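To keep things clear, I will list the structure first and then write my remarks on it.
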Amino acid sequence: MKLIIIIAWRNIWRNRRRSIIMITAITVGLWGGLFAASFSHGLLEQRFETSIEQHISHMQIHHPDFIRDQAIEHQIHDWAEIYDMLSADGEIKAFSGRTILSGMLSSANLTRGVRIMGINPELEAQTTGISNHLVSGTYFAEEIANQILVGKKLAEKTKLQERSRLVLTFQDQDGELVSAAFRVAGIYQTANSVFDESHIFVLQSDLQSILDEQIIINEIALLAKDAEAIPQIRDTYQELFPANTFRTWNEIATELSYLIEMARVMITIILIIILLALGFGLVNTMLMSVFERTRELGMLLSVGMNKTRVFLMILFETAFLSLLGTLGGILLSVGFIYLTSKRGIDLASVGGDSMEAFGFSTVVYPSLSINLYFTLIILVIITAILTTIYPALKATRLSPAEAVRDQ
Amino acid sequence: MKTVIKTTNLSKVYKDSVVPVHALKNVNLEFSQGEFTAIVGPSGSGKTTFLNIIGGLDKPTDGHVIIDGVDIATMKESQLFDFRLRHIGFVFQAYNLIPVLTALENVSFIMLLQKQSKQEMEKRARAMLEQVGLGDKINERPGRLSGGQQQRVAVARALASKPDFVLADEPTANLDTESAFNLLDIMARLNKEENITLIFSTHDQRVIERARRVITLVDGAVDKDEYFERA
Ligand SMILES: Nc1ncnc2c1ncn2[C@@H]1O[C@H](COP(=O)(O)OP(=O)(O)OP(=O)(O)O)[C@@H](O)[C@H]1O
Ligand SMILES: [Mg+2]
């Protein structure tokens, strides 16, 4: 066996150029595939993390009907009890209840539909950290009524500035239209400009006085101390407050989870296509090499090297080529991904600003899950085995008498 | 003297060509231990076919090949591989050596496959290379040896594992006269010293006289079977 391995290893260096071309092809192919994979993986991962951090939180609570129809009357009626439970629960890091209204924003220039988020400034700051995302102005600091935070994108579109006056119009619980004047206290910016363009923040207490009602809570978002504990926390609370719907982040961001799943499938398909191409190249190379050595293989079969040994020899030759290429590809990728994951790749410089509009960051930090490396290694092994079998079988099918005659 | 190979009514018909070719017709021959035989005859007379069949590389259409009392025509393919490895040495016209192994490794190759002990194997391989006059080339790869030197390494390999007999199909065909004589002299000497049965084919008149027995094939049949006294 050792002898066969030594011969196989030396054999691949007989046609040095051909072997190096094959190894390089595998290396570059895998590098390309892995880099594409790490790029999209990093992009989505970042998008996912910022989404959870800035918008979704770990879990959200709603009236069951609110999810389908975001109307003011679909409220969390027992919010006070839930608040008490959450404040006392050691597993909960932060939570924020919101009054959510659909309304119109009218500035001096134009009118736009917006989602009005009535918040408790302290709770909201702890939960989504919106207070840290101000690009100008202040965060509901002073004791002034009817302050409003608008997103940067919306401010640009409606030419609103700090201290600009605007009017919000929305329906009250009885379907009557209510209007109130607000003044811009600050302008915020999150990673998702679509969100920024459509959501404005006001104080819950201001809405309460405008509507002349009790406090209305349509949504409670919360962060757990340990993200892993979320499903179990959800189950506990769901049982305690069956009148409301408790959803975890992956249930809320279904399209994002779906996107990630789809990207994973796409990456796997791309890798399979690359491996197929490489596999065909490898089969071709090995068949050529077997064909060229017909007489030598015939001699080996004649003098008593049996078919198993000849098969193993060709198998090892193919394995060496694919392993060297794979090793090269993985090392190159790991190095490249490591470097770019530190510094990030700035898409703005290559005209990638438009990504931002979809909530993607312009600086992408490629990353790759260990899972994908495993998938890849398994795929490579399968390809290597499949590509090896044919040339190796071809070699063992040689009849020694015919092969040595083949002058 | 002990009979090493015996053929009875050996026939071979190649049916795959347009007209069936009768490459061997009723060949009855015996080879004794230690004989040094040349198979001669014009091109197409069946020399290669005969050697391939007694070497277990090909099957006869009819007849038997008895080696040490065993009919190898009845053996399964996998048994034949092992039989060839343990009992028969081969020297071909070319491509005898593994290009990526040194002369020493090439000579050890068969013994390695036979799983002989390492020290003995290496001692024997060195001795054989000395015998064929290549003691100073043991670490060269075949690519750096001349055609004659390569054939000598092949002879050393074929004999190193002490087979029952060695078959050489036109071992000198690619060699110049001097190298051809040199190779045959070495083969003749080793045949004597090691008492290993040696059968080679050739249509080179010059080297025939080195053999003590010359069998002439014509159209697949034995035409002459002569013995000579050699010094
Ligand atoms: N695989 C084959 N298929 C069909 N015919 C074959 C095959 N191999 C050999 N022959 C034929 O069998 C006959 C004997 O061939 P063989 O090679 O044994 O002759 P040879 O004496 O070795 O000739 P040479 O001196 O040219 O090597 C020839 O007519 C040849 O054409
Ligand atoms: Mg011939």
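Just so it is clear, none of the values below were taken in a lab; they were calculated from the coordinates. None of these values were measured; they are calculated from a predicted model. No Cβ is skipped: glycine too gets one built from the backbone with ideal geometry, and neighbour counts run over all protein chains shown.
Quick notes
- Chain A, helix-only ellipticity at 222 nm - DSSP H runs n ≥ 4, -39,500 (n - 2.57), divided by all residues, nearest 500: -17500 deg cm²/dmol
- Whole-angstrom gap from segment B:101-127 to segment A:49-91, using each part's C-alpha centre: 80 Å
- The convex hull built on the alpha-carbon positions of segment B:3-227 has an orientation-averaged projected area of 12.2 nm².
- What the Cα atoms of segment A:118-205 give is an Rg and a Dmax of 12.8, 37 Å.
- Shielding by partners for peptide A:292-302, expressed as the average number of C-beta atoms from other protein chains within 10 Å of each residue's C-beta, is 4.
- Shielding value for B:87-99 is 5, the average number of Cβ atoms from other chains within 10 Å of each residue's Cβ.
- DSSP beta bridges in chain B [antiparallel fraction, %, rounded to 5]: 55 percent
- Taking a Cβ cut-off of under 12 Å around B:Phe81, the surrounding Lys, Arg, Asp and Glu residues balance to a net charge of +3, with basic ones at +1 and acidic ones at -1.
- Summing +1 for each Lys or Arg and -1 for each Asp or Glu among the other residues whose beta-carbon sits under 10 angstrom from that of B:Ile72 gives 0.
- Here's how it looks for A:Ser164: its modeled amide H is under 5 Å from those of A:Val184, which are all 5 or more places away or on a different chain.
- Of every Cα-Cα pair in segment A:1-112, the percent that sits beyond 23 Å: 66 percent
- Relative intensity of segment A:66-156 on a log10 scale, I(q)/I(0) at q = 0.18, 0.25 Å⁻¹, equals -1.05, -1.40, per a Debye sum over C-alpha point scatterers of equal strength in the absence of solvent.
- Amide hydrogen proximity for B:Leu217: with H placed 1.01 Å from N in the peptide plane, the residues at 5 or more positions away or on another chain lying under 5 Å are B:Val40, B:Gly41, B:Asp223.
- Chain B: angle of helix B:147-160 to the longest principal axis, Cα-based, in degrees nearest 10: 80 degrees
- Stokes-Einstein D for segment B:20-125, Kirkwood Rh over Cα pairs, 37 °C, 0.692 mPa s (µm²/s): 204 µm²/s
- For segment A:64-243, the convex hull drawn through the C-alpha positions has a volume of 124 cubic angstrom per residue.
- In Å, descending, principal axis extents of the Cα set of chain A: 103, 47, 32
- Sequence of A:Asp78, A:Asp206 once ranked by neighbouring C-beta atoms within 10 Å, starting from the fewest: A:Asp78, A:Asp206
- Peptide B:131-138 shows a mean partner chain C-beta count of 0 within 10 Å per residue C-beta.
- Only beta bridges with both residues in the protein assembly as shown are counted; by DSSP, about 70 percent of them are antiparallel.
- Ranking of A:Arg98, B:Arg212 by count of other Cβ atoms within 10 Å, fewest first: B:Arg212, A:Arg98
- For chain A, the longest principal axis of the alpha carbon atoms and the long axis of helix A:254-292 meet at an angle near 10°.
- Local electrostatic count, A:Val202, Cβ distance below 13 Å [Lys/Arg +1, Asp/Glu -1]: +1
- Listed from fewest to most Cβ neighbours within 10 Å, the set B:Tyr95, A:Tyr338, A:Tyr373 follows the order A:Tyr338, A:Tyr373, B:Tyr95.
- Between the helical axis of A:16-50 and the longest alpha-carbon principal axis of chain A there is an angle of about 10 degrees.
- Unsatisfied cross-links (Cα-Cα over 21 Å) in the set B:Lys2/B:Lys118; B:Lys162/B:Lys192; A:Lys307/B:Lys25; A:Lys2/B:Lys76; B:Lys137/B:Lys192; B:Lys25/B:Lys162: B:Lys2/B:Lys118; A:Lys307/B:Lys25; A:Lys2/B:Lys76; B:Lys137/B:Lys192; B:Lys25/B:Lys162
- Among A:391-402, B:135-146, A:245-256, the order from most to least packed when residues are scored by Cβ within 10 Å on average: A:391-402, A:245-256, B:135-146
- Tail fraction, Cα-Cα pairs, segment A:207-274, threshold 17 Å, whole percent: 64 percent
- For chain B, the relative contact order comes to 28 percent (Cα pairs under 8 Å, sequence separation of at least 6).
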